[in-house]
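Everything below concerns the one structure shown next.
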Amino acid sequence: MKNTVRLFALFLLVGLLFVVAGCKEDEVIPTIIPEITEYNVLGNWADGGDAVYTIATNTAAELDFTYNKSTFPDAYLTSPEITEDLSIFKKLVITVEGTGTMYLKLETNDDTPAKMVGLNVTGIAGTYEWNLMAASAFLAKVDRVVIVAAPGKELSVGSISITSLMFETAVADGYIINDDFNNIPSNVNEYNGTDQIFDFNDKWESNDEGIYTITYEGVNTIVDYDKPAGMEWAFMKTQVQGTFTAFNYVVFIVEGTSGQKLLIKPNEYNDAESFIWLDGTEQELVLDLTELTLAEKNAITDFKVFIAAGLAPAEGQLTIKEAYMIDDYEFEQPVIEVNTYNGTDNTFGVEHWYDGGDLVYDIAKVGTDYIVDYEKLTTNLHWAFMYANLEGDFTNFAKLEFEMTGTLNKTVLLKVESPTGNKEVQFTFDGTKQVFTIDLSTMTPTQLADLNKVVMFAAPGGVGAGEFTIHSVTFKTSDYEIDTEWTSGDAGVYTFATGETTVITYNKIAGQEWSFTRNILDAVKVAGLNTLTLVVKGTAGKSILVKPNDSGALEQTIAFTDANPVTVTFTTETFVNIIIFAEPNVAPAAGSFEIVSATLSYVAPDFDPSLVVNFNEAWVANSATIYTITPGEDSTVVAYDKLAGNDWEWMRVQFDAKDVAGLNTLTLVVKGTAGKNILIKPNDSGALEEWVYFTDSEPVTVVVHAASFANVFIFGDAGIAPASGSFEILTATLSYVADFNATWEENDADTYEVVAGDTVVVNYTKGAGQEWVFLKNVINPNLLVGMNTFTIVLEGTAGKSVMVKVNNSVEQAVTFVADTPATLTFTLLEITSVIIFAEPGTPSVTGSFEIISAQASYVAPVVIFDPLAVLDLMTGWVENDLGTYAVVEGETVEITYTKAAGQEWIFVKNPFEVEAAMGMNTVNLVLQGTLDKQVLVKVNNSIEQWVTFTAEPTVVTIMADSITGLIIFAEGGTAPATGTFTILSAYLSYTENLQSTWEENDLGTYAFAGTGPVVVTYTKAAGQEWVFMKSMFDAAELTGMNTVTIVLEG
């Protein structure tokens, strides 16, 4: 019949063509047959006749139904008859959620056996792609699709929603299933949907063969267990199915071998797990489900029971007397006091300490101290802990100080926790009262705002017993008033009078021009502090040179002009010491100055939105015997070999918050073996995790957005053990994007309606004369500083169009294609505005479109380096200190300097754009000045060359891997001083260094030593008058160069 229909349609088409041709011989009207890429099976489904199914939604977008199988195990739902030929399709895409199970069958118009898959349906939507590439002959016969819910069962109830049932011509590439796939559990406790209590104390099974022996006596489940070494986390489970939204608690009544830890959890919901220590009597263990969402409750498919959790070998018996779910349950919960911070105090003490539940820590408060006795004697207690709960916003604090006394050589791990990231540090006791510090400045503001717990692990990761005392645990701000002593570099030159301030008196004799006073800082107290603020007073006309870390890059000269205090600040990653030279380079000299205050603090650095942090070489394995991580030049290769019990073994990168502050986008590009998977879990957060299922050898890109990143975990073959395999991480970066999608608004009233959600839906109504009304984005322009790329993803009605215009100058238009998102990318020097015109130039229209995403980011421009290019530096010279250098630019640059006392090291600089100098490695200067006067040329604040002027111009050539800075000191180290010098030529260029390319031509004649200057030793025998050495460079790299310069000394 189907063939007849196609033949009749062909006759109609041919007849139509003849009629058209007969109307007008010279006009040919082409017949366009649209390409078919998909076929939707949803819409107009029907019960098979047993009145088992109640259909709530039956549209082309969704099939939503409930079922009550009663006495009809094979009752079915059926699609409308399919008359199209499906042979061109390669897959069937199925998206389904709910509570229940189902067979999905493809049935034919003859006696060909149906093809079928079985699906377990949970409260979390799942998308399957049924691979039909090899089934084209079968698909040509398919005339309907059939669903059998709870196949083969009676008295079963459930609810299922299908939002995609689409045949497509594309090849399956998501979660691929094949014919006869079936993940329906066969041994499951089903909830009937009506009882107030769901009893599931049945159908238990051991996950690990031979570990748990399960029998039943009446209503009791008897479990005998024998766990050998290596099976610490072996478990048993029972499977459940149903709509569990009405239940808030799960209750287990148990009795088991004393001294063992019993842990139970639903699915992998670690936050809902609970445990008790068995004492040989009847006990209750209650799981609290109140924090789970309704979807998470409906997605519960099993309860896992770990007996002697984390311990092996272990043996004993457990009796489960009751196991049920219930709406409300009264049980005695321990009272846990929370340490609540008021948000304003400069310090905050932590009290109210509790054992973590393993009965390891005996905590007694004695006065203001807490005396802690602990006993960890078995392997499952390696990570037993004690804790104190927190509440409040701790972003004002920069450190957490622990004042403790413990037994000599015992260790303790101290940790602060938040849902978005943790910080931990291990310390060793020395038998005395000690202060241990956790530097909070490396955590993000989000993490500090969400801190909820302080945790201690005695003998972390091992067994042990002992005692320690907690004298205080205190959150403190970053400000640290330096309290270490000042000392004199030369005995007797500097003396000190300390009170509320420190007065330093000096008396330098000839030869002590550079004598100094120094303060060596306490590394523990200054950890994480990056800003030094120094307030000093001195005698008018005198000066001091302050040099933190003995670093010329940080030094500042303070010239006192009156008796008022002078404030200077210094910023660097870490401070080690402070050195002060009174009247530098002057002796004899005597006087005094006063240090009013010296404070170290942490100041967040300015955020660079163009920053991209590559962390692909920072991966660390939790267990080096399971993950082997090999960083390479282009990628990081990971191999893993997981044994039984290593289901959730991981590798990770832990970020330093100061290095990644402000970055909100994580990008990973990975490759793996088809059929394998990895789980990527940023911030150890289930809400951010992304599963990657490898289907071929092509790279997969994962992009995750979050307010901040503390870490990222990767699990190879997550949840599976034993398992082995490998994957490759091609890219691993953190970067910043500015999200536009929350700030759209109409420019003209009643023209554009913005409906916000996971995406933004825009409805528009344009009247007469409103051809060019538009939608605009009102994002804060401060968020766009440094951004050079705008990317927007749109979807709309087929045939309709929109135009996007950035900076009111660059525009792109798109005409929508059905069910196909369109991506537009704009690259500009900066981004200042974005507007959108729906159906531009057309009045009196209505419609809608969707903005899936709209983001601004920085993309580093591709720089093609020209080795022949030069960067001219004959303009742009400026003084660093006002009133010291006068610059006159023309064909040459004439520089006049006037340096007062204390200005020995002031300089003139050329702040060229570093990006413009990328690839260049040589500074070229030609200078002329007063006979015998000197200047110091300094490149990158590290490479120096002195120039003493003669009657002829002086050529200065300085090479470095890259050039980032250029400064000149006139008569460096001398003040007062005046004079003039001239820059005749100044430019940056690229020079190919041939020093590493020398080799001998004849064996045993020339030998080479050194990586800077190369020392050549030669030995020539009789007859070797013309043996030579040669430079074997890559000629292609020298294309365009015409000069070789060699400097020799012999």
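Worth pointing out:
- Among all residues of the stretch 970-992, there is at least one that is buried (at least 16 other Cβ atoms within 10 Å of the Cβ), of a type outside the set (Ser, Thr, Tyr), touching a residue at least 12 places away in the same chain (Cβ under 8 Å) and closer than 22 Å to residue 1012 by Cα.
- Applying the condition of being aromatic (Phe, Trp, Tyr) and in a strand (DSSP E or B) to the stretch 183-207 and asking which residue is nearest to residue 150 (Cα to Cα) yields 198.
- Residue match in the stretch 989-1008 (condition: out of contact with any helix residue (DSSP H, G or I) (no Cβ under 7 Å at 6 or more places or on another chain), closer than 30 Å to residue 929 by Cβ and not in a loop (DSSP other than H, G, I, E, B)): yes
- Test result for residue 860, part of a strand (DSSP E or B) and either at positive phi or small (Gly, Ala, Ser) (or both): no
Conditions tested, residue by residue: (1) closer than 24 Å to residue 526 by Cβ; (2) aromatic (Phe, Trp, Tyr); (3) assigned to a loop (DSSP other than H, G, I, E, B); (4) touching a strand residue (DSSP E or B) at 6+ places or on another chain (Cβ under 9 Å).
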site: 409; (1), (2), (3), (4): no, no, yes, yes
site: 414; (1), (2), (3), (4): yes, no, no, yes
site: 421; (1), (2), (3), (4): yes, no, yes, yes
site: 427; (1), (2), (3), (4): yes, yes, no, yes
site: 461; (1), (2), (3), (4): no, no, yes, yes
site: 466; (1), (2), (3), (4): no, no, no, yes
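- The residues in the stretch 81-107 that are among the β-branched types (Val, Ile, Thr) and under 14 Å from residue 179 (Cβ atoms) can be counted, and the count is 1.
- Options 681, 658: the member that is under 17 Å from residue 709 (Cα atoms), assigned by TED's automatic domain parsing to the domain that holds residue 721, surrounded by fewer than 18 Cβ atoms within 10 Å (Cβ to Cβ) and under 19 Å from the mean Cα position of the chain (by Cα): 658
- When residues in the stretch 597-632 are screened for being in contact (Cβ under 8 Å) with a residue 24 or more places away in the chain and either crowded, with 16+ Cβ neighbours inside 10 Å or closer than 30 Å to residue 530 by Cβ (or both), 24 of them pass.
- Any hit, the stretch 470-478, residues being of a type in the set (Ser, Thr, Tyr) and over 19 Å from residue 658 (Cα atoms): yes
- Applying the condition of being farther than 17 Å from residue 299 by Cβ and assigned to a loop (DSSP other than H, G, I, E, B) to the stretch 157-175 and asking which residue is modelled with the highest pLDDT yields 169.
- Residue satisfying all of: in the stretch 1015-1040; surrounded by 13 or more Cβ atoms within 10 Å (Cβ to Cβ) and of a type in the set (A, V, I, L, M, F, W, C); farthest from residue 960 (Cα to Cα) among these: 1027
- Some residue of the stretch 578-596 being touching a residue at least 40 places away in the same chain (Cβ under 8 Å), under 30 Å from residue 540 (Cα atoms) and among the polar types (S, T, N, Q): yes
For (1) at pLDDT below 95; (2) crowded, with 17+ Cβ neighbours inside 10 Å, each residue gets a yes or a no:
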{"site": "745", "(1), (2)": "yes, no"}
{"site": "748", "(1), (2)": "yes, no"}
{"site": "760", "(1), (2)": "yes, yes"}
{"site": "764", "(1), (2)": "no, yes"}
{"site": "772", "(1), (2)": "yes, no"}
{"site": "788", "(1), (2)": "yes, yes"}
{"site": "797", "(1), (2)": "yes, no"}
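- When restricted to residues that are touching a Ser or Thr at 6+ places or on another chain (Cβ under 9 Å) and either part of a loop (DSSP other than H, G, I, E, B) or polar (S, T, N, Q) (or both), the stretch 1009-1040 contains 12.
- Any hit, the stretch 653-663, residues being part of a strand (DSSP E or B) and either at pLDDT 90 or above or of a type in the set (Gly, Ala, Ser) (or both): yes
- Condition broken by residue 64, with the remaining ones in (1) within 30 Å of residue 170 (Cα to Cα); (2) free of Cβ contacts under 8 Å to residues at least 40 places away in the same chain; (3) not in a loop (DSSP other than H, G, I, E, B) satisfied: (2)
- Filtered by the rule that a residue be part of a loop (DSSP other than H, G, I, E, B) and surrounded by fewer than 17 Cβ atoms within 10 Å (Cβ to Cβ), the stretch 774-785 gives 778, 780, 785.
- Considering the stretch 384-407, and only residues there that are in contact with a Lys or Arg (Cβ under 9 Å, 6 or more places away or on another chain) and not in a strand (DSSP E or B), the residue that is farthest from residue 442 (Cα to Cα) turns out to be 384.
- Matching entry among 497, 491, 465, 458 (being assigned by TED's automatic domain parsing to the domain that holds residue 374, out of contact with any Phe, Trp or Tyr (no Cβ under 6 Å at 6 or more places or on another chain) and not aromatic (Phe, Trp, Tyr)): 465
- Any hit, the stretch 566-577, residues being within 30 Å of residue 789 (Cβ to Cβ) and in contact with a Leu (Cβ under 7 Å, 6 or more places away or on another chain): no
- Within the stretch 407-434, being more than 12 Å from residue 456 (Cβ to Cβ) and among the acidic types (Asp, Glu) holds for one residue alone: 430.
- Wholly within the stretch 325-373, strands (runs of 3 or more DSSP E) carrying at least 2 residues that are farther than 30 Å from residue 249 by Cα and modelled with pLDDT of 90 or more: 347-349, 361-366
- Pairing each residue of the stretch 901-912 that is in contact (Cβ under 8 Å) with a residue 60 or more places away in the chain and assigned by TED's automatic domain parsing to the domain that holds residue 975 with any residue that is part of a loop (DSSP other than H, G, I, E, B) and of a type in the set (A, V, I, L, M, F, W, C), provided the two are 6+ apart or on different chains, yields C-beta distances under 7 Å for 901/975; 902/975; 903/975; 904/975; 908/877; 910/873; 910/877; 912/873.
- Scope the stretch 840-856; condition under 26 Å from residue 779 (Cβ atoms) and of a type in the set (S, T, N, Q); matching residues: 848, 853, 855
- Check on residue 178, crowded, with 20+ Cβ neighbours inside 10 Å, modelled with pLDDT of 90 or more and not assigned by TED's automatic domain parsing to the domain that holds residue 321: no
- Residue 961 meets the stated requirement of being charged (D, E, K, R) and closer than 30 Å to residue 1030 by Cα.
The values are calculated or read from the model by the stated rules, or taken from the named source; none is laboratory data. Because the structure is predicted, anything quoted here is derived from the model rather than measured. Ideal geometry is used to build each Cβ from the backbone, glycine not excepted, and the neighbour counts take in all protein chains shown.
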